[in-house]
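Student: Structure in structure tokens, see below.
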Amino acid sequence: MDKYTGMLLDGRYELLEPIGHGGMAVVYKARCHRLNRLVAVKILKEEYSKDADFKRRFEAESRAVAMLSHPNIVSVYDVSRSEGLEYIVMELIDGMSLKDYMLKRGRLGWRETLHFATLIAKALEHAHSRGVIHRDIKPHNIMVLRDGSVKVADFGIARFTTSQHTLTQEALGSVHYISPEQARGSQLDARTDIYSLGVVMYEMMTGRLPYDGDSPVAVAIAHINSTPILPHEIAEDIPAGLEYIAMKAMTADLKKRYASASDMYEDLETFRKDPEIKFGQPKQLTKKEENAVAVPVMVHAAEENKNTTKPQNEKKSSTVSKNAVNKKKKDDKKNKNGIIAAIICILIFVGGLVYFLTNFLFEDIFAQNKTVMVPQFIGVNYDAISNEDYPDFNIELEATKSSDEYVSGVVMSQNPESGREVKSGATIKLTVSSGENIDTMPDVVNTQQQVAMMTLDSLSVMIDLVLEQEYSDYVEGYVIRTDPTANTILHDGDKITLVVSLGPKEETVVMPSLIGLTRDEAEIKLLDYELALGEVREFSNEEMPAGTVYFQSVEHGTPVAPGTSVNLYLSLGPEDSEESQEQEEDEEVDVSDQPDAIAPLPDEPALTQPPSGGDIILHPDENTQEPVLKDVIIKLPQDVASVKVTVKLNQETVFEDVVLCDSDFLTCPILGTGQQFMDIYFDDILKYSDVVDFN
């Protein structure tokens, strides 16, 4: 037995059994006697609990984590020390780790990956908003509950395990998920958790880790220097949007990684609403935006004529030569050409200015009273519609919707409707068909019912979900069959049937009536019903003939399991009959002088053992014909907080109460006479049967 099992910490937490082992602590299932509930107690190993500085920081960090309150984070109830042990009291989770879930299920579908990643991101968002960083996000620290939800464990505790930068073989489980800055030993912030979540998403989608190596150091170096294979190259069915989110979270460059868990959660929600979305692509400009960008370039000035002549101050000869006359003519011609060019430039500028004012500044003034008729766009292919062809309108794409009537790309509705008169320049919003809405039936066989329902809820089509139940010898609460089967094309309004297992069917038989039968007849009938004969006692009875059954411990018509033992009372006939009195007188013989005679046996002590389970100890009193009070000590179950205990004598209730199971035994005083059948029930289920002798 473990050395701590059975220990009571602080007079409150009783350690029942170890349920987990980690690098720095051992986790026990425990009972809190003050609040009467089951909890998990994590006890630090000795090498940590002896370090005073470690204990101080550990307690401060754990108390900070205890302030977190979120449905996707394991709650911390208490942090304390007792008997030289440092321990944390946490919520006890009924489920398995995400790592075990992936080992059992294999590669997860993208819808399950999206579901789990969204819940983990919400938990990180809450913790980061309160200044708590996990530092060790990995599937081992994420618990999957029976209802399909998740809880992140060990928040804040990882601060101390990661303070040791030596990557040993023991660190191999965590090194696959550490961020590059964590591998380098750099200062960490909340983005290290985002990186680790990206790795967890990668593993869920692909069924493999992004990096592997022969040693922890090799894996850590890969996180720093390498780029992983894109998920869709491993599994082609991974949507581009979900791949983008995981790879952005895993970006080694901190500036390119998600800045916060809130940003990552927003992208996950955006993808959930539109699984066809493709992140990271440039935004497509509308026609209106393209026109606004195309600003006309105007001519603002003309070049000045630089050909000017300087006055001649020099004295000239009174005689002008022929060459001088020709030169003057050429200069006059140049000046004339310059003036003409300047006039042309001015005219171009004025014309451009008038065009600009007319088409841009005064357009609304000139057109404010102009009305136009809205054309018919419904049934027209959207790609064939251009603002240039309809200059009196501003045409915008409002939405795309699925339609069984219109093929993909065709306008299915418009606002305002065709035929209406509107002012020139009015906006017409178009809704375009994306075609018939279809999806593919996911494979949810062998998944828990809640997970399967959430997976179907994320489908793009509207479905009619029907739940059915069947017995199965192998699983309980899991989907064992679907109609239609996986990969079937689904349309809006299709009916989907989930068949969920109820677990193995418990076979029962209906208790027959044995009243009035002889012992042999009763035993044969019990064998016919696959039941067993229990204790048989004989008592006087005025109503039934001697040798016949007048009482059976299991009532007629009760469903019982095959092999159940049934106790019987046989009648000896009336107690005061003359025949029985004569028989008793004949049997009164003095055996004191007969040495060979068999001496009467002493009365049997009323100490019995129940068929199975606990102990029922009967304390005999002195022989008397008056009612006798006996203390019946009943062993209580230890796996529940409380139980309703019912004690019946000959099918009549003599004690019934709800008792707390904070002790091992319940002492129950019972008043009775003679020999009587006693049945003990826990929560109306028969647990023990015995015969009590009150003589």
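Student: Would you work out which of Thr427, Pro442, Ala452 lies farthest towards the positive end of the dipole of the stretch 418-458? Charges go on Cβ: Lys and Arg +1, Asp and Glu -1.
Tutor: So the residue furthest toward the plus end is Thr427.
Student: Could you rank the peptides 669-676, 187-194 by their average count of other C-beta atoms within 10 Å per residue, with the highest value first?
Tutor: Going from most to least packed, we get 187-194, 669-676.
Student: Let me ask you something else. Would you mind giving the three semi-axes, in whole Å and largest first, of the ellipsoid equivalent to the stretch 439-503 according to its Cα gyration tensor?
Tutor: 21, 10, 10
Student: Find the Cα radius of gyration of the stretch 167-265, compare it with 2.2 N^0.38 Å by division, and give the number to two decimals.
Tutor: For the stretch 167-265, the normalised Cα radius of gyration comes out at 1.03.
Student: Which three lengths, in whole Å and largest first, does the stretch 409-457 cover when its Cα atoms are put on their principal axes?
Tutor: Here the spans come out as 61, 18, 14 Å, largest first.
Student: What number comes out for accessible area per residue over the stretch 502-566 if the probe is 1.4 Å? Units Å², please.
Tutor: It amounts to 60 Å² per residue over the stretch 502-566.
Student: Run the simple label-point estimate for Ser262 and Arg107 please: 7 Å along Cα→C-beta, distance reported in nm.
Tutor: Each label point lies 7 Å from its Cα, and together they span 3.6 nm.
Student: Between Glu47 and Asp657, how high is the FRET efficiency from 1/(1 + (r/R0)^6) when r is the Cβ-Cβ distance and R₀ = 45 Å? Nearest 0.05. Don't skip to the end; give the middle numbers.
Tutor: Working: r = 49 Å, r/R0 = 1.08.
According to the calculation, E is roughly 0.40.
Student: To continue, here is another question. Label the stretch 377-441 by shape, choosing from rounded, prolate and oblate, from the square roots a ≥ b ≥ c of the eigenvalues of the Cα gyration tensor; if a/c is under 1.5 it is rounded, and otherwise prolate applies when a/b is larger than b/c, oblate when it is not.
Tutor: Prolate, since a/c reaches 1.5 and a/b exceeds b/c.
Student: Which net charge results for the neighbourhood of Leu465, defined as the other residues with beta-carbon distances under 9 angstrom from its beta-carbon, given Lys and Arg at +1 and Asp and Glu at -1?
Tutor: So the surrounding residues net to -1.
Student: Let me ask another. Sorted by packing (mean other beta-carbon atoms within 10 Å per residue), highest first, where do 42-49, 14-21 land?
Tutor: The most tightly packed comes first, giving 42-49, 14-21.
Student: While we're looking at this one, here's another question. When the accessible area of the stretch 1-147 is computed with all protein chains present and a 1.4 Å probe, what percentage of it is carbon and sulfur?
Tutor: Using a 1.4 Å probe with all protein chains present, the stretch 1-147 comes out at 49 percent carbon and sulfur.
Student: Say R0 is 35 Å: what FRET efficiency, to the nearest 0.05, do Val640 and Glu269 get from their beta-carbon distance?
Tutor: E(calc), rounded to 0.05, equals 0.30.
Student: Quick check on packing: order 106-115, 421-430, 453-462 by the mean number of other C-beta atoms within 10 Å, highest mean leading. Don't skip to the end; give the middle numbers.
Tutor: Details: 106-115: 20.5, 421-430: 15.2, 453-462: 16.8.
In descending order of packing, they fall as 106-115, 453-462, 421-430.
Student: Set the Förster distance to 60 Å, then compute FRET efficiency between Glu535 and Glu405 from the Cβ-Cβ distance, nearest 0.05. Mind dumping the intermediate values first?
Tutor: On the way: r = 78 Å, r/R0 = 1.30.
It comes to 0.15.
Student: I've got another one for you. With charges only on Cβ, +1 for K and R and -1 for D and E, what is the dipole size of the stretch 368-459 about its Cα centre, in debye, rounded to 20?
Tutor: That gives a dipole near 380 debye.
Student: Treating only the Cβ of Lys, Arg, Asp and Glu as charged (+1, +1, -1, -1), what charge dipole size does the stretch 467-554 show about its Cα centre? Round to the nearest 20 debye.
Tutor: Rounded to the nearest 20 debye, it is 120 debye.
Student: In the stretch 463-510, carbon and sulfur make up what percent of the accessible area (probe 1.4 Å)? All intermediate terms of the calculation are to be shown ahead of the outcome.
Tutor: Numbers: 1420 of 3130 Å².
Heavy-atom surface of the stretch 463-510 belonging to carbon and sulfur, 1.4 Å probe: 45 percent.
Student: Also, quick follow-up: Filter Lys3/Lys29; Lys401/Lys495; Lys3/Lys45 down to the pairs with a C-alpha to C-alpha distance above 18 Å, please.
Tutor: From Lys3/Lys29; Lys401/Lys495; Lys3/Lys45, over 18 Å: Lys401/Lys495.
Student: At a probe radius of 1.4 Å, what is the per-residue accessible area of Arg272, in Å² to the nearest 10?
Tutor: Its heavy atoms expose roughly 110 Å² to the probe.
The values are calculated or read from the model by the stated rules, or taken from the named source; none is laboratory data. As the structure is a computational prediction, the values presented were derived from the model and not from experiment. Every residue, glycine as well, gets a Cβ built from its backbone with ideal geometry; the counts of neighbours run over all protein chains shown. SASA here: full protein model, heavy atoms, side chains in, ligands and nucleic acids out. Shrake-Rupley method; radii C 1.70, N 1.55, O 1.52, S 1.80 Å.
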